[in-house]
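Okay, so here's the structure we're looking at.
The values are calculated or read from the model by the stated rules, or taken from the named source; none is laboratory data. Model, not experiment: these values are computed from the prediction. FYI the Cβ positions are ideal-geometry reconstructions off the backbone, even for glycines, and counts take in every protein chain you see. Keep in mind that these areas ignore ligands, DNA and RNA; they rest on the heavy atoms of the full protein, side chains included. Shrake-Rupley method; radii C 1.70, N 1.55, O 1.52, S 1.80 Å.
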Amino acid sequence: MRWVELVRWALPPLAIVAGVRAAKRRRLVRAVTARLGPLDADGIVAGAGAIALDAGAQSVLLLHGFGDTPQSLRGLAHYLHGLGMTVRVPLLPGHGRSVAAFATSTADEWDASAEAAYQALRSRGGPVAVVGQSMGGALAIRLVVRHPEVASLVLLAPFLSLSRPLELGARWWRLASLVRPVLDSADERSIHDPVARAASRGYGVFPAPLAPQLVRVVRAACADAPRLRLPVRVVQSREDNRITPAGTEAVVRTMGSPEIDLIWRTGAGHVLSVDHGHAEVWALVRDWNERHAVAQPTATA
């Protein structure tokens, strides 16, 4: 009887907590939906779809970040295309869709999407360069380690270090889901330029089940970094609100690349491809790709 009484007393407050939690989640999801607008016939947010631009024999694969979309790389994609390069920016699985779809996507799916996009470019026969931003940088490292024929690699604010809260969230995500299944991760410091920030098609939310998926990608990329055998340029802002300079420097020191160029920017946040000074960042990508237009035939260790 004692347990029955305890359950009877516990149920009402638990129901209230569950109701409040569900209400908060609904409000957050509604806010995201209102900001991004309705989905199209394919279930994709308007302006968030994949980008495919055909031109010359040299190709560039651009990979966007966690919770973001190809929109964050659209300007860079058209800039490179204008220089005569064929460009692909795949929409990673779960991204640019409903929050529910985002919450159920996985690290393996993101990795497979990057691989498929690369293989499609490689089938054209010319050299392929890879550019990854944020989590896309981590995916890019994994990709080029599997493919030593890639011509060059540029990492824009690569997600290569883990904060303590993210590590704890990955370990206890089931418990976190009971309290806050979807977290508000929007941060104006990610994009200093208010116009670019308003144009973003990123969610600005972090579903708790994705914490271990993101951690898997980052840890795998860090483990692969010593196996890099191609020229790498890393560009990051010292004012990056997501990735610490020390964290990036620590991973860069482990890279096995024969040529590493680490460039620090100021006046911008995490999403370098659209923030203040983005034209200079685009030029850094162009310069690196032009310098390493011929594929490197060396093998991985």
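For the reader, a short list of remarks on this structure follows.
- The number of residues in the range 182-217 being closer than 12 Å to Gly169 by Cβ and open to solvent by 20 Å² or more (accessible area, probe 1.4 Å) comes to 6.
- In the set (1) touching a Lys or Arg at 6+ places or on another chain (Cβ under 9 Å); (2) at pLDDT 95 or above, the condition left unmet by Thr298 is number (2).
- Looking only at the range 167-197, and only at residues there that are under 15 Å from the mean Cα position of the chain (by Cα) and among the aliphatic types (A, V, I, L, M), the one that is farthest from Val215 (Cα to Cα): Ile191
- Selection count where residues are surrounded by 20 or more Cβ atoms within 10 Å (Cβ to Cβ) and within 19 Å of the chain's Cα centre (by Cα), scope the range 248-264: 2
- Segments classed as helices (runs of 4 or more DSSP H), wholly inside the range 28-124, with at least 1 members that are crowded, with 19+ Cβ neighbours inside 10 Å, under 17 Å from the mean Cα position of the chain (by Cα) and of a type outside the set (A, V, I, L, M, F, W, C): 74-82, 107-122
- The range 125-140: number of residues that are of a type in the set (Val, Ile, Thr) and over 15 Å from the mean Cα position of the chain (by Cα): 1
- Residues that are in contact with a Phe, Trp or Tyr (Cβ under 6 Å, 6 or more places away or on another chain), open to solvent by 20 Å² or more (accessible area, probe 1.4 Å), at pLDDT 95 or above and not in a helix (DSSP H, G or I) do occur in the range 236-245, at least one of them.
- Filtering the range 167-218 to residues that are under 25 Å from Pro70 (Cβ atoms) and charged (D, E, K, R) leaves Asp184, Asp187, Glu188, Arg189, Asp193, Arg197, Arg201, Arg216.
- Scanning the range 225-235 for residues that are part of a helix (DSSP H, G or I) and open to solvent by less than 20 Å² (accessible area, probe 1.4 Å) turns up just one, Ala225.
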